[in-house]
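One structure is given here, and the rest of the page talks about it.
The values are calculated or read from the model by the stated rules, or taken from the named source; none is laboratory data. None of these values were measured; they are calculated from a predicted model. Here Cβ is always computed from backbone atoms with ideal geometry, including for glycine, and neighbour counts include all displayed protein chains. When the accessible area is computed, the model is the full protein with side chains, heavy atoms only, and any ligands, DNA or RNA have been set aside. Shrake-Rupley method; radii C 1.70, N 1.55, O 1.52, S 1.80 Å.
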Amino acid sequence: SVASARARREGGVPSRFPMSACSHIGRSCAFPSTAELKVLSWNILAPSWVDCIRYGHVERGALQWESRRVGIIAEITRTDADIVCLQEVEFVLFEEELSPAMVSLGYHGVVQKDPKRSSDHPAGNATFWRDEMFRLEAEVSRSRTLTTLLTDASKRGIAVVNCHLEGDPHQASTRVKQLQTALKQVASMEHHAMVVLGDFNCDLRTSASAAYLAFGSVPDGVQEWGRDVPPAAGDVPGHGYSLSSAYNVDSGDEFTFTIRGTSVWFLDQLWYTPSALEAVATRSAFHGPEHRKTILDRGLPSADDPSDHLPIAAAFRWTSASLPSLATAGAAALAPAPAVPAHALEREAEELLAACPMSEVQRTEWLRVTTLPPSLPKGGKPAPEQLAAMKELQRQKEAFLAEVGEDAEAMLLRAQQLSRKARKS
C-alpha cells in the first residue's frame with residue numbers, strides 16, 4: 001500500500017539494504033582483470049592487546065609480533081590491493097616497520113594522528129595507497145576514524161574512511177555518531193567516490209551502523225547484539241550518500257572475527273558509492289571450506305592467520321571517466337532540516353495508525369503495549385518493579401509485532417517514531 005511504502009521509506013524497518021550482486025571469490029584467488037580499483041581492510045591485532053589468557057588457545061610462537069608481521073605483509077602482497085586500510089596499528093611499529101615495508105612494495109601511507117597517543121592509546125588506523133596510482137590531497141583524523149582523500153590520474157577523488165568504531169557492545173549510538181561525524185567531514189571535501197570500511201565492532205547483518213550507512217539514518221526496530229537499538233541512534237543526523245555494502249548479508253557462512261571458534265561475527269564491513277564504483281568481486285575471508293573448518297576448530301590467531309580478524313577485500317571499476325562531485329549532495333543532506341511542528345508529527349502518526357491493516361482489537365492492544373506506566377518518575381530512576389513492568393511491555397510489544405505482518409509492523413514503528421519526535425518538540 002502507499003501508506004506502508006511511505007512508512008518504509010521514511011523510517012520503518014526495510015526488509016533488505018542495498019548490497020552488491022558481484023561475484024564472490026576465494027581468498028587465494030586473484031581478482032578479475034576487469035578490476036580498476038582493489039581495496040583491502042584488516043584489523044591486524046596490536047601486539048599491546050595480546051595477552052596469554054585471552055589467547056591461551058594459541059601456540060606461543062604464533063602470538064609473537066615478529067612471526068605475525070611476516071604473515072601480515074605476505075597477505076598484503078598476495079592481495080595486491082591498490083588501497084590498504086589497517087586497524088590496530090601500533091604507532092611505533094608503523095614508523096619503524098610497517099611503513100618501510102609498505103614503501104618497499106610501492107605504497108605510501110599515513111597513520112591516525114591521535115592526540116591521546118600514550119601507553120593507554122598505543123595504536124590507531126593506517127591507510128596505504130599505491131604510489132603510482134594516487135596522490136594524497138587531504139587527511140582527517142578522529143578518535144575512531146582516519147579519512148584520506150586520494151586523487152588518481154583522471155583527477156577523480158575518492159574519500160577513504162578507515163574505521164575502528166567503539167568496541168563496547170552497548171554503545172550502538174556512539175558507533176553511529178562516529179560514522180556521522182566522519183561523513184560530515186567528507187561532505188566538505190571535493191570527491192567523486194567514497195569507501196567506508198574497517199572494523200565496525202558490530203555485525204554487518206544486523207546493526208545500527210549498517211542500517212545508518214544503508215538507509216541514511218537508523219530506523220526504529222533495528223536490533224544489535226540481540227537487543228533493540230536505543231532511540232538515540234535514530235536521532236543522529238542522517239547522511240546524504242547512497243551507499244551499498246560490497247559484501248552480501250545473505251552469505252551466512254562468512255565471518256571475519258572469532259577467538260576460540262565458538263562464536264563468530266562479521267564485524268568488518270566495506271561500503272561504497274555505487275554511483276561512481278561498480279563492484280566486480282568480493283573476496284572470501286577463507287581460502288576454502290577446509291580453511292574455515294580449521295579456524296572454527298582451533299580459533300584465531302594461528303600460524304597461518306596472524307590476527308583474530310580475517311582480512312576482507314573487494315574489487316571495483318569506475319562507472320565513468322568523468323563523474324559528478326558528491327560534495328554538494330552530501331553537504332546539502334547534512335544541513336539542518338526545518339523543524340516540523342509537533343502537531344504535524346502527531347497528525348501523521350495518527351493517520352498511519354488509522355491506515356494500518358489491523359483489527360480494532362489489535363489496535364487497542366498496540367496502544368496498551370506502547371503506553372508506559374503513568375507512575376514513572378520524570379528524570380528519576382524507575383523502581384525495580386517499574387523496570388520489570390517496562391521489560392514485560394517491551395516483550396509483549398515484540399510478540400505483537402511478530403504477529404501483525406511486515407507492512408503493519410513498518411507502519412506501527414514509524415508512527416511510534418513520529419510520536420516520540422512530537423513529544424520532544
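Points worth noting:
- For the stretch 128-152, the set of residues classified as open to solvent by less than 30 Å² (accessible area, probe 1.4 Å), among the polar types (S, T, N, Q) and either more than 14 Å from H108 (Cβ to Cβ) or in contact with a helix residue (DSSP H, G or I) (Cβ under 8 Å, 6 or more places away or on another chain) (or both) consists of T145, T147, listed by residue number.
- Selection count where residues are within 14 Å of the chain's Cα centre (by Cα) and open to solvent by 20 Å² or more (accessible area, probe 1.4 Å), scope the stretch 165-202: 10
- Members of the stretch 405-425 that are out of contact with any helix residue (DSSP H, G or I) (no Cβ under 7 Å at 6 or more places or on another chain) and open to solvent by 10 Å² or more (accessible area, probe 1.4 Å): G405, E406, Q416, R423, K424
- For the stretch 52-60, the condition of being open to solvent by 20 Å² or more (accessible area, probe 1.4 Å) and small (G, A, S) holds for at least one residue.
- Only helices (runs of 4 or more DSSP H) whose full extent lies in the stretch 310-392 are considered here, and none of them has at least 2 residues that are at pLDDT 90 or above and in contact with a Ser or Thr (Cβ under 9 Å, 6 or more places away or on another chain).
- Among (1) of a type in the set (G, A, S); (2) within 28 Å of V84 (Cβ to Cβ); (3) open to solvent by less than 30 Å² (accessible area, probe 1.4 Å) - the single one A233 does not satisfy: (2)
- Test: S263 is at pLDDT below 90 and either part of a loop (DSSP other than H, G, I, E, B) or touching a strand residue (DSSP E or B) at 6+ places or on another chain (Cβ under 8 Å) (or both): yes
- Unmet requirement for G61, which otherwise passes all of (1) part of a helix (DSSP H, G or I); (2) modelled with pLDDT of 95 or more: (2)
- Some residue of the stretch 206-220 being surrounded by 22 or more Cβ atoms within 10 Å (Cβ to Cβ) and on the phi > 0 side of the Ramachandran plot: no
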